[in-house]
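A.B. asks: Here it is, the structure, as structure tokens.
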Amino acid sequence: MQELRNTYIAAVAAVQDEAALEDLRVQALGKKGEISLKMRELGQMSPEERQVAGPALNALKDELTSAIAAKKAALADAALDARLRAEWLDVSLPSRPMRQGSLHPVSQVTEEVQTIFADLGFGVAEGPRIETDWYNFDALNIPGHHPARAEMDTFYMQRAEGDDRPPFVLRTHTSPVQIRALEAHGAPIRIICPGGVYRADYDQTHTPMFHQVEGLAIDRDISMAQLKWVLEEFFSVFFGTKVKTRFRASHFPFTEPSAEVDIQCSWEGGTVKVGEGDDWLEVLGSGMVHPKVLAAGGIDPNEWQGFAFGMGIDRIAMLKYGIPDLRAFFDSDLRWLRHYGFASLDVPTIRGGLSR
Ligand code: PHE
């Protein structure tokens, strides 16, 4: 009996997991367990033998039962301890940074341009990027044989075989919105039209898609003088410093007279600074809207006149924010976007306000 007890108590102590402990319990105390079988033998004993063996067996059964229960509790505690150690969590660690998106410089500058021109009384109009050749060319006094069509490196859309209507084009400038806006609203009108335009061209300062903002002001007595004032006002507010402009005689089929406009700048160590120095940088084309364009827009050129201009948004964004390569605008490189992007709630950086 003593031997039996020592064997089982030692086995319980040595057991490493709950499954082995259960096996041991069955082996000793189960229906066919060693101790259970011994208890059954009590029946065949003489009453004297039974009086000694009975209580001893019962005591052994009780001792083993509680040893197993104690071991079971200890194993459960150890398992919980191990789990707590493994699943330990440091709630004092700083959280992982969540990156915020940013506004692309083109979006930021478009908003700045809209804000400034809104203060000057200009509304915003938009037109489709896929245009008919009539809006993109003919209505702007660029007939089929005109060299400007070839010069603009136009992207033409596909027509089905045998369909010889003129193909749609990806608009090469925002000027077709002049016609659409005149058709829709008539005169007088004062609008700007920002948006994407397309030309087959690619180098450090040209990408096949870029952005322009068109300006159009039509009334009974609008002149070049007002064009010049509006542009100088715009540049000075946009760049936050007085910016001189220079008008150079030029030619566009849709304006007469026409002028290309340069802004004052300096070159120092390879970087441009706008509004100082005595160099000039071309930033836009402009002029008095051609009578044929007014007529194409459905208004009478004998009654109405005004100016139009077209300016590169990406261009002035590069100048204002010191961005060296235009191609990076459209690479979708997150590092670039984080560096040059703007917080979405930033108020457009318009310093100084208007001089009026
Ligand atoms: N559409 C011209 C261009 O893309 C710019 C322009 C607009 C010139 C309006 C004059 C008037 O180059």
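A.B. asks: Can you say what percent of the DSSP beta bridges in the stretch 109-231, counting only those with both residues inside, are antiparallel? Round to 5.
C.D. replies: 90
A.B. asks: Let me ask another. If you take the beta carbon distance between residue 165 and residue 250 as r and set R0 to 45 Å, what does 1/(1 + (r/R0)^6) give as a FRET efficiency, to the nearest 0.05?
C.D. replies: 0.85
A.B. asks: While we're here: Give me the extension gain from residue 276 to residue 209: residue separation times 0.36 nm, minus the current Cα-Cα distance, reported in nm with one decimal.
C.D. replies: Stretched fully, the residue 276-residue 209 segment lengthens by 21.1 nm.
A.B. asks: Points 7 angstrom from Cα along the Cβ direction at residue 18 and residue 338: gap in nanometres?
C.D. replies: Taking the simple label geometry, residue 18 and residue 338 are separated by 4.7 nm.
A.B. asks: Expressed in nm to one decimal, what extension gain is obtained for the pair residue 201 and residue 150 from 0.36 nm per residue of sequence separation less their Cα-Cα distance?
C.D. replies: Using 0.36 nm per residue and subtracting the Cα-Cα distance, I get 17.1 nm.
A.B. asks: Treating only the Cα positions of the stretch 205-356 as identical point scatterers, give the base-10 log of I(q)/I(0) from the Debye formula at each q in 0.15, 0.21 Å⁻¹.
C.D. replies: So the normalised log intensities are -0.90, -1.36.
A.B. asks: Moving to a separate point now. Calculate for the chain the 222 nm mean residue ellipticity that helices alone would give, adding -39,500 (n - 2.57) per DSSP H run of length 4 or more and normalising by residue count, nearest 500 deg cm²/dmol.
C.D. replies: Here the helix-only value at 222 nm equals -12500 deg cm²/dmol.
A.B. asks: Within the chain, which is the longest segment that contains none of the GluC sites (Glu not before Pro) sitting in a DSSP loop with at most 13 other Cβ atoms within 10 Å?
C.D. replies: 162-302
A.B. asks: Rounded to whole Å, give me the distance from the Cα center of the stretch 288-341 to that of the stretch 4-78.
C.D. replies: Spelled out, the Cα-based centre of one part sits 93 Å from the other.
A.B. asks: Which of rounded, prolate or oblate describes the stretch 1-42 when judged by the alpha-carbon gyration tensor and an a/c cut-off of 1.5? Before the final figure, lay out each step's value.
C.D. replies: On the way: a/c = 5.10, a/b = 1.47, b/c = 3.47.
Oblate, since a/c reaches 1.5 and b/c is not below a/b.
A.B. asks: Follow-up question, since we're still on this one. So what J values fall out for the stretch 273-284 if you push phi through Karplus, 6.51 cos²θ - 1.76 cosθ + 1.60 with θ = phi - 60°, rounded to Hz, Gly and Pro as x?
C.D. replies: Using θ = phi - 60°, the values come out as 10, 8, x, 8, x, 10, 9, 10, 10, 6, 10, 7 Hz.
A.B. asks: Would you compute, for the Cα atoms of the stretch 2-86, the largest minus smallest coordinate along each principal axis and list the three values in descending order, in whole Å?
C.D. replies: 58, 19, 16
A.B. asks: Which three extents, in whole angstrom, do the alpha-carbon atoms of the stretch 25-167 cover along their principal axes, largest first?
C.D. replies: Dimensions of the stretch 25-167 along the principal axes of its Cα atoms: 132, 50, 24 Å.
A.B. asks: Looking at the chain, identify the longest residue range that excludes and avoids all chymotrypsin sites (Phe, Trp or Tyr not before Pro) in DSSP loops having at most 15 other Cβ atoms within 10 Å.
C.D. replies: Longest gap between qualifying sites, sites excluded: 203-356.
A.B. asks: Right, another one. What ³J(HN,Hα) values, in whole Hz, does the Karplus curve 6.51 cos²θ - 1.76 cosθ + 1.60 give for the stretch 285-300 when θ = phi - 60°, with x put for Gly and Pro?
C.D. replies: x, 7, x, 8, 4, 5, x, 5, 6, 4, 5, 5, x, x, 10, 7
A.B. asks: What shape does the stretch 105-343 have by the C-alpha gyration tensor, where a ≥ b ≥ c are the square roots of the eigenvalues, rounded means a/c under 1.5, and otherwise prolate means a/b greater than b/c and oblate the rest? The partial results should precede the final answer.
C.D. replies: Working: a/c = 1.77, a/b = 1.20, b/c = 1.48.
Since a/c reaches 1.5 but b/c is at least a/b, the shape of the stretch 105-343 is classed as oblate.
A.B. asks: Let me ask something additional. Assuming R0 = 56 Å, can you tell me the calculated FRET efficiency for the pair residue 86 and residue 124, based on Cβ-Cβ distance, to the nearest 0.05?
C.D. replies: 0.40
A.B. asks: I'd like to verify something in the chain: which complete DSSP H helices, judged by Cα projection on the helix axis, reach 27 Å or more and average at least -0.5 on the Kyte-Doolittle scale?
C.D. replies: Length and hydropathy pass: 47-86.
A.B. asks: Quickly work out the residue 26-to-residue 52 label distance, labels modelled 7 Å from Cα along the C-beta direction, and quote it in nm with one decimal.
C.D. replies: 3.5
Laboratory data are not the source of any read-out in this text; all were calculated from the coordinates shown. Quick caveat, the model's predicted, so the values are computed rather than measured. Because the Cβ atoms are built from the backbone with ideal geometry, glycine has one as well, and the counts that use them run over all protein chains shown.
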